[in-house]
1. Within segment 36-44, can one find any residue that is closer than 21 Å to Phe147 by Cβ, surrounded by fewer than 21 Cβ atoms within 10 Å (Cβ to Cβ) and in contact with a Phe, Trp or Tyr (Cβ under 6 Å, 6 or more places away or on another chain)?
2. Of everything in segment 1-31 that's in contact with a Leu (Cβ under 7 Å, 6 or more places away or on another chain) and closer than 25 Å to Gly95 by Cα, which residue is modelled with the lowest pLDDT?
3. Mind telling me which of the residues Phe84, Phe17 ends up being over 14 Å from the mean Cα position of the chain (by Cα) and either of a type outside the set (Asp, Glu) or buried (at least 18 other Cβ atoms within 10 Å of the Cβ) (or both)?
4. Would you please list the contacts, defined by Cβ atoms under 7 Å and residues six or more apart or on different chains, that run from a residue in segment 120-131 that is surrounded by 15 or more Cβ atoms within 10 Å (Cβ to Cβ) to a residue that is of a type outside the set (D, E, K, R) and not in a helix (DSSP H, G or I)?
5. Quick one: which residue in Val91, Val4 is surrounded by fewer than 18 Cβ atoms within 10 Å (Cβ to Cβ) and either in contact with a Gly (Cβ under 8 Å, 6 or more places away or on another chain) or under 16 Å from Phe143 (Cα atoms) (or both)?
6. Can you find, within segment 62-88, the residue that is nearest to Ile107 (Cα to Cα) among those that are β-branched (Val, Ile, Thr) and in contact (Cβ under 8 Å) with a residue 40 or more places away in the chain?
7. So which residues in segment 148-165 are assigned to a helix (DSSP H, G or I), touching a helix residue (DSSP H, G or I) at 6+ places or on another chain (Cβ under 8 Å) and farther than 24 Å from Ala56 by Cβ, if there are any at all?
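The values are calculated or read from the model by the stated rules, or taken from the named source; none is laboratory data. The structure presented is a predicted model; accordingly, all values stated were derived computationally and were not measured. Quick reminder, even Gly has a Cβ in these numbers, built from the backbone with ideal geometry, and neighbours come from all protein chains shown.
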Amino acid sequence: MQLVAEALGAIAVVFNFIGYRQNEVNHYRLLSAIALCSVSLHFFMLDAMAAGVGCAMASIRNIIALRYRNNAIVYFFVALNIVFLLLEWFVLHHGPMIFIAYASSLIFTVGSIVIQDAAKIRRWFVLAEILGLIYAVSVGSIFGTIFNISNLISIFVKMYQAGELPVWRKA
């Protein structure tokens, strides 16, 4: 079962890598939705429900965003995140690490639909990816960890290319 879970994680990394190289936003959203669906299954197979739920919602959100982008969608997905967080915390009694996973999911949800400035999105997504990385490491997800590291590298490369990273100079 672990091998299948990690294979799904590897598929997610490949699709996400290809997705980040798309020039058309809807091509990115579609490939990202496939990657997120795959990594969601990966996390569910590792019994990491918070990440499984967050990635599943992100996959569905990306599919919906192919056609629709409005505040009602944001409110719906934020509410869904909160409902699942409360379910896991109060009913299923999962540990406090779920707060890290759901914080990451909420940042991605709001950032994907509300923020219009690419530089701001990248800055917020660095935080979301770091939170996702902490969660992936905490649940022992090899390809979840690789997924987040790969995303962070892609974001930092883009930030560097766009001149968004501070430049350190010799004194």
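1. Checked segment 36-44: no residue is closer than 21 Å to Phe147 by Cβ, surrounded by fewer than 21 Cβ atoms within 10 Å (Cβ to Cβ) and in contact with a Phe, Trp or Tyr (Cβ under 6 Å, 6 or more places away or on another chain).
2. Checked segment 1-31; the qualifying residue modelled with the lowest pLDDT is Ala5.
3. Phe84
4. Once the first residue is surrounded by 15 or more Cβ atoms within 10 Å (Cβ to Cβ) and sits in segment 120-131, its partners that are of a type outside the set (D, E, K, R) and not in a helix (DSSP H, G or I) give Ile121/Ile115; Trp124/Ile115.
5. Testing whether each residue is surrounded by fewer than 18 Cβ atoms within 10 Å (Cβ to Cβ) and either in contact with a Gly (Cβ under 8 Å, 6 or more places away or on another chain) or under 16 Å from Phe143 (Cα atoms) (or both) leaves just Val4.
6. Per the stated criteria, the residue is Val74.
7. Residues satisfying the conditions are Phe156, Lys158, Met159.
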